[in-house]
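Report on the following structure.
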Amino acid sequence: METFLIKAAQLIAALALLVIIHEFGHFIWARIFKIRVEKFYLFFNPWFTPFKWKPKNSDTEYGIGWLPLGGYVKIAGMIDESMDKEQMALPPKPDEFRVKPAWQRLLVMTGGVLNNFILAIIIYAGIAWYWGEKTIPYENAYEGMDFTPEAIELGFRTGDIILAADGRKLDQNDRGHLFTLLEAKTVTVLRNHHDTVDISLPANAIERLDPEKGFMAFRIPVFVKTIMPGEPAEKAGILEGDRIISVNNIATPSYGELSEALTAAAGKPVPVGLLRGSDTLSVTATPTEAGKLGFGLKAPMEVFVCDTTRYGFFQAIPVGISNGTGMLVTYVGSLKHLFSKQGAESIGGFGAIGNMFPAKWDWRTFWEMTAFLSIILAFMNLLPIPALDGGHVAFLLWEVITRRKPSDKFLERAQVAGMFFLLALLIYANFNDIYRFLIK
């Protein structure tokens, strides 16, 4: 339950920030062109509104809705999700959206997308400046990788160390390096610490990327970071800094094997092999009925030799731009794989997005995920689907090119069709989450 709440809190915090920044983009451009903004809302408020506030002498009502599916600004004289037909039936006023030149309306509609992309760049630059770029080169992960079942079907094996993709070493400062690996024709790995093996990947390998489990993860050697008082580890004499290398004579090169061995030995005294400095020794420990010894693990960054690059404030700006644009290009390129059976099945809703956040609050991971979601939100809103910003932009471009404005009736019908499509997509995505949860 605690893990769920932490992930949910991170998801809601990230979405709240992204929605406010997005809607502010529409709001600020509308105000620049002296267009009246009637409402500015975080989240939606069908039927009732938990909180609203209208400053004195202001045209805009600010509020927080109860349905956390997004947010909106209600711009006077515009056909949007409010479907305010009564206002549109009245004669146009000078401060309404519909009387402004097409180029001004275009900037108002793209303001949200632009804000989200700028926010992603700012976050990536901030991460580079505050934390620097710290990565674990694959060749430094001496126990290799744990692969998902889908990856194993492609030819990868537990413990493989990634060496190259199409003959080139992967740059893990490139946030899209996993997509680079999956789109390669040949991936070279080191197997069993001495055999070099080439794995040929099919053209649709990226479709094997599990939306929740990913494709692979570092195999983390079991180094003890902390000992919990009174627990089996302390009673057995295990010390901070020890590496656990076996349980009941079963080798545990990584946490995955350790967890299985402890579960099998739950409640029974068993020998536990340790590496303490250069000495190998054995102690007897009795795992709890839940298969636990009561200690904390060292994080991957504390175990493996990392590459760290530090940046000054101004140096971090181009890094932020590069990471933001690079992630956008990578994300857009990956969308082509959605148009397949496996791609459609991988679509996820709020559950899948929430699972992308860590089980413990980590500020760096939170900001990285927020930046990535900001890029997704920016691109998805540009799609030419009625009810999205991109739908309004498409109709505005049509008006600019043909010098003919679509009728209000047509725009109303398109808005309704787009809203139904997005609702159906939302239901489908969240149904996928529920289905995956139930079949686990």
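Normalised radius of gyration (Cα atoms, divided by 2.2 N^0.38 Å) for the chain: 1.19. Result for the chain in a Gaussian network model with C-alpha springs under 10 Å: among P318, P46, P202, the largest mean-square fluctuation is at P46. Please work out the C-alpha center-to-center distance from segment 195-270 to segment 281-329 and express it in whole Å. Centre-to-centre (Cα) distance: 16 Å. Basic side chains Lys and Arg get +1 at the Cβ, acidic Asp and Glu get -1 at the Cβ, and with that the dipole of the chain about its Cα centre reaches some 1420 debye. In this simple spin-label approximation, L425 and H193 carry label points 7 Å from Cα along the Cα→Cβ vector, and these lie 5.0 nm apart. For segment 161-246, the solvent-accessible area with a 1.4 angstrom probe is 51 square angstrom per residue. Computed over protein heavy atoms with a 1.4 Å probe, the carbon and sulfur contribution to the accessible area of segment 372-440 reaches 75%.
Calculate the FRET efficiency for T280 and R168 from the Cβ-Cβ distance with a Förster distance of 35 Å, rounded to the nearest 0.05. Walk me through the numbers on the way to the answer.
On the way: r = 39 Å, r/R0 = 1.11.
Computed FRET efficiency for T280 and R168: 0.35.
Note the angle between two axes, namely the Cα long axis of helix 389-402 and the longest principal axis of the Cα atoms of the chain, as a number of degrees from 0 to 90, rounded to the nearest 10. Once rounded, the angle reads 40 degrees. Taking packing as the residue-averaged number of other Cβ atoms within 10 angstrom, the listed peptides 190-199, 249-258 run from highest to lowest as 249-258, 190-199.
With every protein chain in place and a 1.4 angstrom probe, the accessible-area ranking of R413, R310, largest first, reads R413, R310. Residues in segment 47-117 average 56 Å² of solvent-accessible surface per residue, probe 1.4 Å, ligands and nucleic acids excluded.
How large a share of the accessible area of segment 189-316, in percent, is made up of carbon and sulfur atoms when the probe is 1.4 Å and the other protein chains stay in place? Carbon and sulfur: 54 percent of the exposed surface of segment 189-316. In segment 14-62, what trypsin sites (Lys or Arg not before Pro) fall in a loop by DSSP, with at most 16 other Cβ atoms inside 10 Å? Filter output for segment 14-62: K34, K56.
The values are calculated or read from the model by the stated rules, or taken from the named source; none is laboratory data. The structure displayed is predicted, hence computed values, not measured ones. All Cβ positions, glycine included, derive from the backbone under ideal geometry; neighbour counts span all protein chains shown. Side chains are part of the model used for accessible areas, which takes the heavy atoms of the whole protein and leaves out ligands, DNA and RNA. Shrake-Rupley method; radii C 1.70, N 1.55, O 1.52, S 1.80 Å.
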